[in-house]
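A quick write-up on the structure given underneath.
The values are calculated or read from the model by the stated rules, or taken from the named source; none is laboratory data. As the structure is a computational prediction, the values presented were derived from the model and not from experiment. Neighbour counts run over all protein chains shown; Cβ positions are idealised from the backbone, glycine included.
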Amino acid sequence: AQKVTQAQTEISVVEKEDVTLDCVYETRDTTYYLFWYKQPPSGELVFLIRRNSFDEQNEISGRYSWNFQKSTSSFNFTITASQVVDSAVYFCALSPIGNAGNMLTFGGGTRLMVKP
Amino acid sequence: GAGVSQSPRYKVAKRGQDVALRCDPISGHVSLFWYQQALGQGPEFLTYFQNEAQLDKSGLPSDRFFAERPEGSVSTLKIQRTQQEDSAVYLCASSLGDLRPYNEQFFGPGTRLTVL
């Protein structure tokens with residue numbers, strides 16, 4: 001069975017602060033993908049990043065960075081210099097590798113509120 | 001090009017009514033997924049199609065839920081005798097479904113179902 005836990009249900013920061021969203025996962029698969037999605041108030045899920053379990057290199061994309069640590073089964077997401085437009089619900093997700101039915105297992109989400 | 005579309009966007013049903021939710025995947029996408037997102041929670045997998053074949057329906061919560069994709073394109077999720085606990089956003093996603101290890105899922109805007 002697969003499980004994704006996002007312990008922070010809600011985070012509130014002031015604009016320009018850095019914020020880290022935590023994600024811990026459980027899986028019996030030795031190979032898998034990890035994801036982060038953003039869900040703005042409009043409701044549509046927006047893909048942010050996919051990492052595979054082979055690659056533990058951290059990744060940076062603009063103000064976003066991701067820290068994947070297989071030893072602790074964590075895949076944390078940091079937003080640097082947060083902006084009001086970053087306000088949304090963020091979901092971490094997990095998927096097996098190697099079959100066409102890559103069903104996603106999502107965490108419960110973290111609601112991020114960035115205040116001006 | 002056009003993304004995944006879902007209709008209706010909003011549906012209000014009286015308890016006991018049957019409802020049908022439609023998903024139009026991206027043209028040429030072989031794989032189609034349905035997820036249920038209850039208020040304040042992450043999406044949960046319901047069922048998966050490859051072309052017209054329903055390969056996994058392990059997430060359907062009861063036998064009141066039924067999904068079909070008769071011609072391998074448009075899919076319909078039907079809920080019979082709706083209950084209040086069926087109130088949720090129903091998300092559809094599609095992917096190419098080819099032989100690569102991962103096929104990105106593209107999500108539709110969802111249908112928000114409210115059962116009174």
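In the range B:28-67, how many residues are surrounded by fewer than 21 Cβ atoms within 10 Å (Cβ to Cβ), in contact (Cβ under 8 Å) with a residue 60 or more places away in the chain and within 10 Å of another protein chain (Cβ to nearest Cβ)? Summing the residues that are surrounded by fewer than 21 Cβ atoms within 10 Å (Cβ to Cβ), in contact (Cβ under 8 Å) with a residue 60 or more places away in the chain and within 10 Å of another protein chain (Cβ to nearest Cβ) in the range B:28-67 gives 1.
Of A:S74, A:S82, all but one fail to be more than 12 Å from the chain's Cα centre (by Cα) and of a type in the set (S, T, N, Q); the exception is A:S82.
Does B:Y48 satisfy being at pLDDT below 95 and in a strand (DSSP E or B)? It is true that B:Y48 is at pLDDT below 95 and in a strand (DSSP E or B). The residue of the range B:42-98 that is nearest to B:A2 (Cα to Cα), among those that are under 10 Å from the mean Cα position of the chain (by Cα) and of a type in the set (D, E, K, R), is B:E68.
Confirm whether B:E104 is over 11 Å from the mean Cα position of the chain (by Cα), closer than 19 Å to A:L45 by Cβ and either in a loop (DSSP other than H, G, I, E, B) or acidic (D, E) (or both). It is true that B:E104 is over 11 Å from the mean Cα position of the chain (by Cα), closer than 19 Å to A:L45 by Cβ and either in a loop (DSSP other than H, G, I, E, B) or acidic (D, E) (or both). If the condition is being more than 7 Å from every other protein chain (Cβ to nearest Cβ) and not in a strand (DSSP E or B), then the range B:107-116 contributes B:G108, B:L116.
Test A:A93 against the criterion of being within 14 Å of chain B (Cβ to nearest Cβ), on the phi < 0 side of the Ramachandran plot, at pLDDT 95 or above and in a strand (DSSP E or B), and give yes or no. When the stated conditions are applied, A:A93 passes them.
Contact annotation: residue pairs with Cβ atoms under 7 Å, 6 or more positions apart or on different chains, pairing a residue in the range A:102-116 that is aromatic (F, W, Y) with a partner that is assigned to a loop (DSSP other than H, G, I, E, B), are A:F106/B:G42; A:F106/B:P43.
I need the full set of residues from the range B:57-96 which are closer than 20 Å to B:G28 by Cα, part of a strand (DSSP E or B) and not hydrophobic (A, V, I, L, M, F, W, C), in order please. B:E68, B:S75, B:T76, B:S94, B:S95 - these are the residues of the range B:57-96 that are closer than 20 Å to B:G28 by Cα, part of a strand (DSSP E or B) and not hydrophobic (A, V, I, L, M, F, W, C).
Examine the range B:5-24 for a residue that is touching a helix residue (DSSP H, G or I) at 6+ places or on another chain (Cβ under 7 Å) and under 25 Å from A:V4 (Cβ atoms), and state whether such a residue exists.
no
Considering only residues that are under 15 Å from A:S74 (Cα atoms) and not aliphatic (A, V, I, L, M), which ones fall in the range A:10-28?
Of everything in the range A:10-28, those that are under 15 Å from A:S74 (Cα atoms) and not aliphatic (A, V, I, L, M) turn out to be A:T20, A:D22, A:C23, A:Y25, A:E26, A:T27, A:R28.
Results for (1) surrounded by 13 or more Cβ atoms within 10 Å (Cβ to Cβ); (2) aromatic (F, W, Y); (3) within 13 Å of chain B (Cβ to nearest Cβ); (4) over 17 Å from A:I97 (Cβ atoms), shown as yes or no for each residue.
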| residue | (1), (2), (3), (4) |
| --- | --- |
| A:T31 | no, no, yes, no |
| A:Y37 | yes, yes, yes, yes |
| A:P40 | yes, no, yes, yes |
| A:V46 | yes, no, yes, yes |
| A:I49 | yes, no, yes, no |
| A:F54 | no, yes, yes, no |
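Return yes or no: is A:R63 surrounded by 12 or more Cβ atoms within 10 Å (Cβ to Cβ), in contact with a helix residue (DSSP H, G or I) (Cβ under 9 Å, 6 or more places away or on another chain) and basic (K, R)?
yes
Within the range A:66-85, can you find the residues that are touching a residue at least 60 places away in the same chain (Cβ under 8 Å) and crowded, with 16+ Cβ neighbours inside 10 Å? Correct list: A:T78, A:I79, A:S82. The set of residues from the range B:90-116 being of a type in the set (A, V, I, L, M) and surrounded by 21 or more Cβ atoms within 10 Å (Cβ to Cβ) comprises B:L91, B:A93, B:L113.
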